[in-house]
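Worksheet: one structure, shown below.
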Amino acid sequence: MNAPTRHRTGGCDRPILRERGQREVFCGLTGIIWLHRKIQDAFFLVVGSRTCAHLLQSAAGVMVFAEPRFGTAIIDDRDLAGLADANDELDRVVAELLSRRSDIKLLFLVGSCPSEVIKLDLAKAAERLNGAHYPQTRVLAYSGSGIETTFTDGEDACLSSLVPTLPSADTRQLLLVGSVPDVVEDQFLRMFAEIGIENVAVLPARTASALPSVGAGTQYLLLQPFLTQTAQSLEARGARHIPALFPFGAVGTRGFMEAAAAAFGIDKSRVDAVIEAPERRARAAVARQRERLSGRTITFLPDSQLEPPLARFLSEECGMEPIEVGSPYINQKIVGPELDRLPSTAILSEGQDVERQLDRVRANRPDLTVCGLGLANPLEAEGLSTKWAIELVFSPIHGFEQAGDLAELFARPLRRAERLQL
Amino acid sequence: MKLHLWTYEGPPHVGAMRVATGMQGLHYVLHAPQGDTYADLLFTMIERRNHRPPVTYTTFQARDLGADTAELFKNAAKEAYERFSPEAMIVGASCTAELIQDDPGGLAKALALPCPVIPLELPSYQKKENFGASETLYRLARGLSDPETAKDRTPASCNILGPTALGFRHRDDLREIKNILKTLGVRVNLVAPLSARPSDFARLPAAAFNVVMYPETAESAARWLEREFKQPRTKTVPIGVKATRAFIEEVAGLAGVDPAPALDDPENRMPWWSSSVDSNYLTDKRVFIFGDGTHALAIAKVCRDELGFKVVGLGTYSREYARDVRALAKELDVEPLITDDYLDVERAVEACEPELVLGTQMERHIAKRLGIACAVISSPVHVQDFPARHSPQMGFEGANVLFDTLVHPLTMGLEEHLLTMFREDFEFSDEAGASHLAAHAPQRGPVPQPEPAPASSESPSEAAGSLWEPAAQKELKKIPFFVRGRARQNTETFAAERGIHPITVETLYDAKAHFAR
């Protein structure tokens with residue numbers, strides 16, 4: 001189980017260390033923390049335990065809203081006594097919620113570990129509840145359970161559940177898939193308009209009523225590398241994937257833009273003209289951080305599946321040396337082009353046995369370790385600089401204008417360590 | 001099934017983690033799926049601990065459910081023993097593992113590990129975090145104490161029970177308690193669970209009595225020790241000057257020593273701070289209190305007896321202490337609020353219209369939204385409530401800290417007068433708020449405004465608009481925003497009871513006189 005295996009990645013073979021043991025990663029429920037801000041008229045109702053509710057508020061940290069657009073229907077021992085009752089109870093909770101919150105247009109029932117284990121069929125429940133509440137509110141279901149999903153997989157499952165509900169249209173369009181901050185989304189929409197791609201839509205849209213259509217004329221670009229299942233659902237609706245680098249840094253964003261342009265038969269010179277200025281800004285901004293990052297070693301512990309493209313950005317554009325690039329799941333079809341550009345000295349690892357992985361971190365002593373919140377302070381206390389992985393899913397990091405900020409996120413812990421005289 | 005937006009307590013296994021993480025040399029093997037590891041960040045981020053909690057999570061996945069999750073547990077337990085060599089282990093299940101019924105206790109026993117293994121049964125679908133902590137401490141006391149040590153007992157000795165990891169001010173409270181005991185000449189036999197080792201638990205019976213710092217976590221263990229080893233326990237929680245004095249008397253009585261040295265503490269400044277003329281304005285400040293049972297009860301008494309506040313609301317999320325809270329609420333002539341539903345608390349705060357909210361981090365957000373001053377007095381708390389400085393709640397120093405904590409968020413006496421006298425000064429407009437309350441000031445559009453638009457939540461409502469003469473409405477706006485809602489409500493009630501319509505400036509002042517404190 002823990003032995004390296006040969007695996008095809010893109011064009012070349014390289015070993016991937018597959019480990020199985022304790023994982024120090026969030027479950028898929030955590031995606032709700034950003035998804036509920038992204039889709040403004042959606043509500044996420046976790047059907048789970050007190051643990052699920054506690055996880056959400058702990059991960060949400062200080063972002064306490066008076067009445068957030070997510071909540072947990074906490075299963076209690078009476079619900080466990082009989083499943084029929086659990087369904088009735090769920091219907092009651094949903095009815096109460098919707099009667100108080102008429103602003104909810106889209107309700108996600110989010111499955112959890114306990115709801116999966118007791119086999120509470122939320123897809124069926126969603127169907128039943130649609131009968132009662134559609135068209136005022138559409139009810140969908142997906143699983144964010146820790147026994148099936150890791151952290152960002154939750155967004156994948158959520159978006160994938162939306163795909164079958166999208167209207168059909170065969171008109172030619174570019175679909176951007178993955179939730180990124182609005183400001184970043186707007187930058188991409190502007191650039192695509194300037195290079196002459198007329199129909200550009202985004203999944204998820206900012207409101208449930210603005211969801212895009214999909215069909216044979218749709219070609220899609222992934223903004224996030226963790227959208228395996230969503231990609232499959234889109235293919236099933238006739239959409240075609242545009243393989244591309246992920247838009248991190250100047251190189252990644254250029255690759256991303258060029259791939260879209262090529263797919264839409266737009267001349268490369270047009271792309272060059274449009275991105276000339278932002279690309280120059282990105283290169284200059286990254287160069288300012290490069291001095292601090294160049295030659296420094298870095299290890300990624302598995303977290304968001306963003307690890308391969310980020311490691312590529314840091315090694316290619318910032319001169320860092322990745323020692324280990326760990327990811328919860330490596331989808332060759334999606335991140336293959338990223339892996340191909342990683343230095344051959346970097347260890348790729350998938351899954352996790354946190355104790356063994358920490359042994360390697362202690363042996364290698366990287367200049368920077370990217371890890372979850374549970375591990376950061378303990379590693380700092382051992383004299384190892386860390387970067388909180390969760391900041392990478394909460395911050396605007398995609399595209400040209402954010403390239404410098406992205407590099408700075410990694411430079412900051414190093415700069416701080418140098419600055420403090422304690 | 002019940003809808004929760006925010007929860008006051010985590011699941012019971014998090015309570016067990018608070019015990020394990022506070023201790024040294026104990027390891028917890030938790031049968032749990034991926035994702036439950038989030039609990040580590042409570043300790044490493046919120047409390048800023050520099051070590052991972054001593055917990056191994058088995059991390060089972062969907063595909064394991066059809067196979068052998070029990071084997072997974074056994075491997076995890078074995079590997080955890082080999083890697084960490086703990087003095088003792090606790091084993092149990094989180095909510096999901098409870099459903100698959102693998103019996104971690106039985107499995108661990110079958111492994112015959114060379115250290116004591118204590119199984120925990122923590123029903124996740126009925127119980128909560130504080131129960132988990134309390135049950136774990138009780139199980140450790142039962143499982144590890146050695147009756148033989150009772151023979152070496154000396155009268156002036158005690159155990160201190162209750163402080164855990166992630167406890168609200170536990171580190172600082174413990175220092176205060178130890179100081180009191182030292183001054184009284186009482187020897188501390190063992191502090192548990194904070195900093196204790198499993199092997200230390202053997203000598204629990206060697207103490208003459210137990211000091212119960214936090215009944216939420218320590219009462220079950222202390223009751224068992226009382227029955228089993230005839231160790232009496234303290235029943236006073238020393239929060240506030242009065243309670244600290246009572247606690248000192250109680251401990252001195254149990255230990256057979258003179259209480260005077262500890263009672264006569266030159267650091268006890270709170271009584272003078274509260275009696276000094278500057279504090280006159282604190283009289284009858286309306287305060288709403290919500291928290292765990294221990295803190296809600298103690299703080300309510302401090303507010304009433306030691307600060308001269310008027311307690312207008314009292315509640316707790318600890319159902320175990322509902323009876324005590326109800327009794328005190330009755331004494332205070334307020335409606336007790338026993339709930340773990342954040343929205344209930346928010347509604348109660350709105351209805352009480354307090355000038356100060358004392359609660360948990362959840363009430364901090366309620367108060368912020370309503371533009372009311374607030375201080376945190378109970379778990380659950382956030383990172384800023386684990387201060388770097390010594391900041392206890394217990395003992396005389398704790399009372400000093402409480403005076404500062406509870407008084408600072410309020411608008412100060414002279415400032416309050418100025419605000420009232422010069423209502424129309426643009427710097428005193430509602431939007432500006434009190435000068436030192438930037439963080440609490442309600443956000444209500446740009447300043448200055450020569451003719452400020454009425455703030456909708458505090459001006460007479462649309463329907464009620466006709467109740468008020470324009471001149472009376474204008475007069476109402478001269479009342480500071482933090483008491484205006486109450487003034488409006490009182491005046492409207494006063495008018496309705498007497499059939500007065502419309503409300504004139506005269507009615508406003510009649511009502512003011514009627515409701516005057």
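Each value in this text was obtained by applying a stated rule to the coordinates, not by laboratory testing. What you see is a predicted model; the values in this text were computed from it and never measured. For neighbour counting, all protein chains shown are included, and Cβ atoms are generated from backbone atoms with ideal geometry for every residue, glycine included.
Per-residue shielding of B:70-81, expressed as the average number of other chain Cβ atoms within 10 Å of the residue Cβ, stands at 1.
In terms of its Cα atoms, the range B:221-282 spans 52, 24, 12 Å along the principal axes, sorted from long to short. Hydrodynamic estimate: the Kirkwood radius of chain B over Cα pairs, inserted into Stokes-Einstein at 4 °C and 1.567 mPa s, corresponds to D of 51 µm²/s.
Summarised in one figure, the compactness ratio Rg/Rh of the range B:14-159, Cα atoms and Kirkwood Rh, is 1.00.
Calculated over the range A:148-244, the projected area of the Cα convex hull averaged across directions stands at 6.1 nm². Free of any GluC sites (Glu not before Pro) that DSSP assigns to a loop and that have at most 15 other C-beta atoms within 10 Å, the longest stretch within chain B is B:268-423.
Here the mean projected area of the convex hull built on the C-alpha positions of the protein assembly as shown is 42.5 nm². Summarised as an ellipsoid, the range B:114-206 has semi-axes of 25, 19, 10 Å, derived from the eigenvalues of the Cα gyration tensor scaled by 5 and square-rooted, with the largest first. Estimated purely from DSSP H runs of n ≥ 4, each contributing -39500 (n - 2.57), the mean residue ellipticity at 222 nm for chain B is -12500 deg cm²/dmol once divided by its residues. Modelled label positions at A:Glu127 and B:Lys182, each set 7 Å beyond Cα in the direction of Cβ, lie 7.0 nm from each other. For chain B, the relative contact order works out to 12 percent when only alpha carbon pairs closer than 8 Å and six or more residues apart are counted. Taking a straight line from the alpha carbon of A:Lys105, these aspartates and glutamates sit under 14 Å away, with near neighbours fewer than eight places off in the same chain left out: A:Asp41. With the helix formula -39500 (n - 2.57) applied to DSSP H stretches of n ≥ 4, chain A reaches a computed 222 nm mean residue ellipticity of -14000 deg cm²/dmol.
Across chain A, Cα pairs under 8 Å and at least six residues apart give a relative contact order of 17 percent.
Using a cutoff of 8 angstrom between alpha carbon atoms and counting only pairs six or more residues apart, the relative contact order for the range A:69-141 works out to 31 percent. Shielding by partners for peptide A:365-375, expressed as the average number of C-beta atoms from other protein chains within 10 Å of each residue's C-beta, is 3. With N the number of residues in the range A:284-422, Rg(Cα) / (2.2 N^0.38 Å) evaluates to 0.98.
Here are some pairs, B:Lys178/B:Lys285; B:Lys474/B:Lys512; B:Lys285/B:Lys478; which of them have Cα atoms lying more than 23 Å apart in this structure? Table pairs above 23 Å Cα-Cα are B:Lys178/B:Lys285.
Taking A:Met191, A:Met320, A:Met257 in turn, the Gaussian network model of chain A (Cα-Cα springs below 10 Å) assigns the largest fluctuation to A:Met191. Counts of other chain beta carbons within 10 angstrom of each beta carbon in peptide B:55-68 average 4. Compactness check for the range B:168-227: Cα Rg over 2.2 N^0.38 Å is 1.11.
Report the convex hull volume per residue for the range B:331-380, counting only C-alpha atoms, in Å³.
Taking only Cα atoms, the range B:331-380 has a hull volume of 86 Å³ per residue.
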